[in-house]
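FYI, it's all coordinate maths here, none of it is from the lab. No experiment lies behind these values; they were computed from the predicted model shown. Because the Cβ atoms are built from the backbone with ideal geometry, glycine has one as well, and the counts that use them run over all protein chains shown.
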Amino acid sequence: MKGGRNYDIFPRTFLPRVLLGLAFLGGSALMFGWLAVFIIGVSSLQFIEQAQCSGSDAASCLDEQTGLESLASDSCAGAERRVCLVPLGQVSAELVEHLVDYYQREYGLSISMLTPSAVPAELIDPDRGQIDVQDLMDYMATLFPGASSDPNVVLIGVTPVDMYDRTSHYRFLFGARDTEVTPRAVVSTSRLNLKIFGISEGAGALRSRARKLVTKNIGILYYGLPPKDDPESPLYNSILSTADLDDMEEPLAVPGSSQR
């Protein structure tokens, strides 16, 4: 163009053109290599996030935990307000025993462990490999109808099976609860200790996180305490990840105690 500036950035001789072409091919290969790493990384994340007792693995976790039968009771007897744990499926016996011991030692709260029960396979959504939380709470109520109809009984189910809520957009839930009118809740350990490249954080991490979920339900349903917006509170109302659970601090300050 007359009077204008003509820019020609492509080499005019053969050798520079060859070198530039090779550089272009090398850069393209590197770019596609990183793209492949990114795609593989996304696929790996899907694998990392695969929870225990979820999907096709859910069926292996449905049987009752027979290791707890000798310590369990078939009723939540008593007249006062009380808490009873319900082992549902192949939940860790060590975890349930730890919970019963912890609340007695830390709060002076005697918690009864009810008869371990299997989770019916028909409750598992065949497409998701998960169980709806309301279905599980309703099923728990049928197992112990007397306790479920007693407003002084707080029933808390603990299960290894992955859960979701069909009325929610969340892919999974750590737990859920009803109201103080029907004081019952369920907690799932399925996603509390995900394995990363086959390495888990250990039983201690799962135990601490499960306990904090149970403590929150006890605080709200048994002690009648309100949820909190403070992420360090055991009553934190917006738990979205295991990191949120790790940030919550224990013990819970309960009425009549000197605990903070």
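Here are a few things to note about the model shown:
- Across segment 122-137, rounded Karplus estimates of 3J(HN,Hα) from the backbone phi angles (6.51 cos²θ - 1.76 cosθ + 1.60, θ = phi - 60°) give 5, 7, 7, 5, x, 7, 9, x, 10, 10, 6, 4, 5, 4, 5, 5 Hz, Gly and Pro being marked x.
- Compactness relative to 2.2 N^0.38 Å, alpha carbon Rg of segment 154-228: 1.19
- Shape annotation for segment 189-235: C-alpha extents along the principal axes are 41, 19, 14 Å, from largest to smallest.
- Neighbour counting of Cβ atoms within 10 Å sorts the residues 242, 189, fewest neighbours leading, into 242, 189.
- Relative contact order of segment 55-247, defined on C-alpha pairs under 8 angstrom at six or more residues apart (%): 19 percent
- Rounded to two decimals, the Cα radius of gyration of segment 135-260 over 2.2 N^0.38 Å is 1.08.
- Shown in residue order for segment 207-215 are the 3J(HN,Hα) couplings computed by the Karplus curve 6.51 cos²θ - 1.76 cosθ + 1.60 at θ = phi - 60°: 4, 4, 5, 4, 4, 5, 5, 5, 4 Hz (x for Gly and Pro).
- Distant-in-sequence amide H partners of residue 158 (H built 1.01 Å from N, under 5 Å): 86, 88, 187
- Residue order, fewest to most surrounding Cβ atoms within 10 angstrom, among 136, 85: 136, 85
- Residue-count net charge about residue 134 - beta-carbon cut-off 13 Å; Lys, Arg +1, Asp, Glu -1: -3
- Shape index of segment 55-247: Rg/Rh, with Rg the Cα radius of gyration and Rh the Kirkwood radius from the inverse mean 1/r over Cα pairs, equals 0.93.
- The order of 133, 158, going from fewest to most other C-beta atoms within 10 Å of their C-beta, is 133, 158.
- Proximity of backbone amide H atoms, modeled 1.01 Å from N, is registered between residue 236 and 228 at under 5 Å, excluding neighbours fewer than 5 places apart on the same chain.
- Taking amide hydrogens as placed 1.01 Å from N in the peptide plane, the amide H of residue 132 sits under 5 Å from those of 125, 164, each at least 5 positions away in sequence or on another chain.
- Around residue 117: net Lys/Arg minus Asp/Glu count, Cβ-Cβ under 12 Å: -4
- Here's the list of aspartates and glutamates a cross-link from residue 216 could span, going by alpha-carbon distance under 16 Å and ignoring same-chain residues fewer than 8 apart: 106, 178, 180, 229, 230, 232, 244, 246, 247, 249, 250.
- One Cα centroid belongs to segment 176-249, the other to segment 88-148; the line between them spans 15 Å.
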